[in-house]
Structures are given as structure tokens and as C-alpha cells.
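Taking it in order: structure first as C-alpha cells, then the write-up.
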Amino acid sequence: MFSAGRHGLRFDLQHGVTGTEMYFKEVVDRATQLFEATFMRDDKTLFYLIDYKFKKRKIRFSNYCFKRIDGLLKEHVSYSMIKGLYNDGHGGLDIRNIAQVEVTRDRINYRNIFTAIADKDFSRLPSLDQYGFLSSKEVFLINLDRKIIFHMYDDRGLDIIAADIDSLRPVYTKYSHWILECNKKDIDAKLTSTYPK
């Protein structure tokens with residue numbers, strides 16, 4: 001997603017020895033701080049859940065993510081399907097189920113969701129279902145007020161994409177030390193060319 005975004009930041013969530021309790025705590029702490037820096041409590045947020053279509057049925061309302069949204073009712077969720085979202089060489093086989101709901105940030109238990117995303121490749125959390133809650137799923141949080149997309153892809157990192165580069169400036173300034181090293185030169189060049197020091 002980062003490479004497709006016109007204005008984007010890519011952050012490194014990793015710190016310390018991979019797989020340790022301290023490692024996962026740091027991953028979730030960083031994701032939480034970055035999310036709270038881009039989404040205010042009352043911001044209108046589109047919670048967007050994508051699942052690879054292994055079976056011919058939509059995402060279940062009982063899924064882990066929806067249980068982390070306060071007061072969510074079935075009628076609040078919209079379902080759809082998309083083909084060819086990713087150009088992965090599978091052609092017509094790239095079919096995704098989508099479930100989305102509009103809420104405010106304060107209704108989402110995002111810290112628990114970030115914890116589960118961080119665990120995606122590790123299966124440390126026995127409370128999650130046998131398939132791993134996000135083994136085939138992706139979560140996108142879209143700030144409708146500020147036109148920002150937040151996507152934590154796993155324990156390694158997350159992307160923040162914005163329609164307007166001005167929206168990224170405060171996050172870039174405060175958290176530039178967490179920007180993924182391999183993307184730092186390009187990100188710094190974009191931000192500093194727009195905002196001379």
C-alpha cells in the first residue's frame with residue numbers, strides 16, 4: 001500500500017529481540033502511539049476488514065475484530081466483494097471479501113487489534129481462533145475527517161497514507177526516528193522538499 005500512496009509514511013515497529021514479551025509490547029506501543037497521533041477520539045473512522053475469499057461466504061459478524069468495537073450491531077456492517085485488488089498473478093482467483101463499518105475512534109479497542117496483528121505470524125495468543133484471527137485478513141482504518149489511511153500489516157511495521165501531505169507533517173516530525181530505514185531517504189526528501197528546514 002505504501003508504494004501506491006502519493007503521500008505516505010512507513011514506520012518500523014520492531015525493537016529488541018523478536019518474539020519476546022518486550023518485543024511485542026514495543027510493537028503494540030508504537031502502533032498505538034502512531035494511531036492516536038493520526039486519529040482523534042471523535043474522528044469518524046471507517047473500519048475496513050478484508051479477507052481472502054477461501055469460501056463462498058462473507059466475513060462473519062462474530063469475527064475477532066467486530067467484537068472489539070463497542071456497541072456494534074449487525075445492521076451497522078456493510079459487506080461487499082472485490083476482484084483483482086492485488087496484482088498477484090492469480091487473475092480471477094484474487095477475490096476478497098470486505099466488511100466495513102463507520103464508527104468513531106473511541107469505540108474501537110485498537111490496542112487489542114494491534115496486539116492480534118502483531119501476533120499474526122507467531123500464534124502466541126491462545127484466545128484467538130484456531131485459524132489465527134488475521135491469517136488471511138487485513139485491517140485498514142480510514143480517518144474520514146482527516147483523509148488518512150492507517151494500515152498495520154504485521155509486527156514489522158505500518159503505513160500511514162494521506163490525501164494531503166500537511167496531515168502527515170506532525171507525525172513525521174514527532175516520530176521520524178521510527179521511519180523504516182529503507183524508506184527513510186525517500187520519505188525525508190518528500191517531506192523536507194515540501195517543508196524546507
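The values are calculated or read from the model by the stated rules, or taken from the named source; none is laboratory data. No experiment lies behind these values; they were computed from the predicted model shown. Because the Cβ atoms are built from the backbone with ideal geometry, glycine has one as well, and the counts that use them run over all protein chains shown.
Of note:
- Looking only at the stretch 1-17, and only at residues there that are outside any strand (DSSP E or B) and within 30 Å of M81 (Cβ to Cβ), the one that is modelled with the highest pLDDT: R6
- Of all residues in the stretch 152-187 being charged (D, E, K, R) and under 13 Å from the mean Cα position of the chain (by Cα), the one that is nearest to E21 (Cα to Cα): D155
- Contacts under 9 angstrom Cβ, first residue in the stretch 171-197 being within 14 Å of D159 (Cβ to Cβ), partner aromatic (F, W, Y) and at pLDDT below 85, 6 or more apart: Y172/Y195; L180/F2; N183/F2
- Residue count for the stretch 158-173, restricted to those that are assigned to a strand (DSSP E or B) and either small (G, A, S) or in contact with a Lys or Arg (Cβ under 7 Å, 6 or more places away or on another chain) (or both): 2.
- The stretch 174-190, subset at pLDDT 85 or above and surrounded by 13 or more Cβ atoms within 10 Å (Cβ to Cβ), residue nearest to F35 (Cα to Cα): Y175
- Scanning the stretch 18-63 for residues that are among the acidic types (D, E), within 19 Å of Q100 (Cα to Cα) and at pLDDT below 95 yields a single hit, D51.
- Single residue of the stretch 174-187 satisfying the filter (assigned to a helix (DSSP H, G or I) and touching a strand residue (DSSP E or B) at 6+ places or on another chain (Cβ under 8 Å)) that is farthest from E26 (Cα to Cα): I187
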